[in-house]
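No lab work stands behind these numbers, since they all come straight from the coordinates. Since the structure is predicted, the reported quantities are computational estimates derived from the model, not experimental observations. Every residue, glycine as well, gets a Cβ built from its backbone with ideal geometry; the counts of neighbours run over all protein chains shown.
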């Protein structure tokens with residue numbers, strides 16, 4: 001299988017001179033089509049920084065980032081925006097839904113941006129996702145009226161709506177109780193496997209990590225791989 | 001654009017209280033500006049119309065000398081295209097004395113002598129006479145202003161004593177009362193037959209000026225120069241005769257527009273504060289939108305649209321409210337407002353130019369004050385915006 005993303009000797013740090021802190025040092029990483037991987041590590045070890053780089057939300061100091069054969073550093077801002085919209089889906093720790101919008105509006109928002117309208121295909125796919133996350137009856141609810149677990153399910157559906165090549169999830173159940181987390185883990189795992197999407201999830205949860213194909217650990221600013 | 005509008009509307013209706021305050025500030029600014037300008041234009045217009053109804057549009061005179069062949073000169077002027085009438089007059093200051101039931105009144109007056117037959121055309125008397133006759137029944141008649149009549153307590157048929165600067169006096173009977181709406185005339189002017197005026201002034205058969213009324217008073221400058229060329233007389237237009245007053249009106253209006261613009265600036269500032277609050281509250285949402293592919297220009301457009309929508313809503317409501325207020329002012333007498341202006345109803349005149357100026361000025365100020373918060377929103381770094389608590 002081809003790598004969907006590849007990082008080559010990527011370095012990232014903050015500050016200058018004596019205050020310089022290296023977060024990632026000469027880091028190599030790759031993810032294959034349909035691969036479900038997890039990154040685990042201590043808080044402050046650079047997991048979220050790595051996810052931000054992979055999500056083209058943040059830059060890096062040196063190295064190469066290749067996404068579907070294209071070198072990200074060479075892309076214009078417009079192309080990076082298009083990549084984020086069409087090729088990447090984000091699931092954040094605190095759902096980060098737009099509270100003025102309904103469940104349905106939140107889910108279709110990336111598709112609306114992609115096509116300038118909500119196409120028939122997007123509508124049908126949104127309905128399919130709503131059924132899969134079991135929120136079809138609540139599709140017209142304002143998201144602020146949902147529970148934490150329901151909000152996170154909506155965030156997952158939003159990440160999937162444009163059928164992105166890569167899903168990045170940062171502690172998707174970090175803010176939920178154990179029982180809800182387990183349900184979300186199962187749903188997330190089933191959905192991405194069914195749709196054969198590449199997923200990288202940053203988590204502290206051993207249960208979620210156990211559902212993935214590959215696990216990475218950030219140790220001393222580098223990634224170490226644990227194949228199952 | 002549909003998506004950007006959709007999000008902008010969601011932000012506005014999601015922040016009802018702040019949005020209401022912003023819209024209210026635009027409404028207040030718009031109403032204050034529109035209503036003030038309309039009242040100011042109405043008052044200016046009313047004053048100018050009152051002036052024009054009585055005052056000569058062009059005055060032809062012979063310096064300090066009198067005009068002796070005034071009948072021929074007036075006939076010559078009357079033949080000029082655009083001239084409605086040309087009336088020989090004799091002007092002089094004088095004193096009016098009246099012994100009425102309430103006591104003895106003495107006041108300084110402006111005496112205007114006009115031909116017996118020319119009264120209605122010279123001062124538009126046929127239109128502004130409110131009681132008695134607009135013409136002189138006898139040589140011993142006088143027509144006086146309504147305010148003057150009220151001040152001294154005179155009525156139709158009252159006999160007043162008129163004293164000229166050459167200390168000649170005559171008893172004249174009040175045959176008519178006029179109301180021009182221009183306080184200075186209504187309280188100081190008296191109109192008497194030209195021959196009576198010549199007698200009381202001991203001037204002989206002369207006139208001091210030819211008062212010219214025009215079909216279009218705003219062509220006064222052009223026609224004044226034709227009159228000067230044809231008759232060799234000096235001329236003054238109504239604009240020159242009232243230069244100080246017209247200059248004061250224009251200056252007052254300019255200052256008023258500047259002061260009202262400050263109110264608009266305050267409303268722009270309120271919109272900026274509200275948008276700034278929304279940007280702060282929506283920082284994380286901006287991060288999410290950026291993460292999902294919104295570029296900086298789209299974020300900028302969302303917040304610009306929010307400012308523009310708030311401004312447009314405020315402008316529409318403000319304009320409708322202004323029109324309603326102006327309708328009430330125009331059609332209903334409000335004594336507490338009109339009394340101070342010597343008016344029955346407050347005159348209002350909303351010109352297209354004033355309306356467009358208010359609308360454009362409000363719109364420009366709102367856009368200018370929207371740029372900064374919108375720019376700030378667009379420049380937020382995605383990662384930092386997502387971390388925002």
Find how many whole Å separate the alpha carbon centroid of segment B:135-174 from the alpha carbon centroid of segment A:77-142.
90 Å
Put in order of increasing Cβ neighbours within 10 Å, starting from the fewest, B:171, B:90 give B:171, B:90
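Tell me what the protein assembly as shown gives for mean residue ellipticity at 222 nm when only DSSP H runs of n ≥ 4 count, each as -39,500 (n - 2.57), the sum divided by the residue total, rounded to 500 deg cm²/dmol.
Values: 23 runs with 306 residues, N = 617.
It lands at -16000 deg cm²/dmol.
Arrange the following residues from fewest to most other Cβ atoms within 10 Å of their Cβ: B:196, A:74, B:34.
Values: B:196 22, A:74 8, B:34 26.
In increasing order of surrounding Cβ atoms, one gets A:74, B:196, B:34.
Let's test the formula: R0 of 60 Å, r as the Cβ-Cβ distance of residue B:218 and residue A:115. What FRET efficiency results, to the nearest 0.05? Mind showing how you got there, number by number?
Numbers: r = 60 Å, r/R0 = 1.00.
In this case the efficiency is close to 0.50.
Percent relative contact order of segment B:1-146, based on C-alpha pairs within less than 8 angstrom and at least six residues apart? Before the final figure, lay out each step's value.
Working: 93 pairs, mean separation 20.8, N = 146.
The value is 14 percent.
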At what distance in nm do the modelled label points of residue A:128 and residue B:95 sit from each other, each positioned 7 Å from its Cα along Cα→Cβ?
10.8 nm
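Is the shape of the protein assembly as shown best called rounded, prolate or oblate, per the rule: a/c under 1.5 gives rounded, else a/b larger than b/c gives prolate, else oblate, with a ≥ b ≥ c the square roots of the Cα gyration tensor eigenvalues?
Since a/c reaches 1.5 and a/b is larger than b/c, the shape of the protein assembly as shown is classed as prolate.
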Between segment B:14-38 and segment A:159-228, how far is it from one alpha carbon centroid to the other, in angstrom?
51 Å
Per residue, what volume in Å³ does the Cα convex hull of segment A:73-213 take up?
115 Å³
DSSP beta bridges in the protein assembly as shown: the antiparallel percent, rounded to 5, is 70 percent
In vacuum, with every alpha carbon of segment A:42-92 counted as one equal point scatterer, what does the Debye formula give for log10 I(q)/I(0) at q = 0.28 Å⁻¹? Two decimals, please.
-1.24
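At 10 °C and 1.306 mPa s, what whole-number value in µm²/s does Stokes-Einstein give for the translational diffusion of segment A:80-136, with Rh from the Kirkwood sum over Cα pairs?
On the way: Rh = 12.2 Å.
For these conditions, the coefficient is 130 µm²/s.
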Restricting to Cα pairs below 8 Å that are 6+ residues apart, what does the relative contact order work out to for segment A:1-122? Please round to a whole percent.
23 percent
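Two-decimal Rg/Rh of chain B from alpha-carbon positions, Kirkwood Rh? Display every interim value, and only then the final one.
Working: Rg = 31.1 Å, Rh = 25.3 Å.
Rg/Rh for chain B comes to 1.23.
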Per residue, what volume in Å³ does the convex hull of the Cα atoms of segment B:103-197 enclose?
86 Å³
I need the P(r) histogram for segment B:237-298: all alpha carbon pairs, bin width 5 Å from 0 out to the longest distance, whole percents.
4, 15, 10, 11, 9, 8, 8, 7, 7, 6, 5, 5, 4, 2, 0
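Let me make sure I get this right: for segment A:1-100, a, b and c are the square roots of the gyration tensor eigenvalues over alpha carbons, sorted descending. Under 1.5 in a/c it's rounded, otherwise prolate if a/b > b/c, else oblate. Which is it?
Details: a/c = 1.37, a/b = 1.16, b/c = 1.18.
It is rounded, given that a/c, with a ≥ b ≥ c, falls under 1.5.
Under 1.5 on a/c is rounded, so check that first for segment A:130-176, then, if it is not, pick prolate when a/b is larger than b/c and oblate when it is not; a ≥ b ≥ c are the square roots of the alpha carbon gyration tensor eigenvalues. All intermediate terms of the calculation are to be shown ahead of the outcome.
On the way: a/c = 2.40, a/b = 1.24, b/c = 1.93.
Judged from the Cα gyration tensor, segment A:130-176 comes out oblate (a/c at least 1.5, b/c at or above a/b).
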Can you give the relative contact order of chain B as a percent, counting alpha carbon pairs under 8 Å and 6+ residues apart?
27 percent
How many angstrom lie between the C-alpha centres of segment A:34-76 and segment B:206-234?
88 Å
Other chains near B:281-289: what is the mean number of their Cβ atoms within 10 Å of each residue's Cβ?
3
Modelling each spin label as a point 7 Å along the Cα-to-Cβ direction, I'd like the residue B:20/residue A:19 distance in nm, to one decimal.
4.5 nm
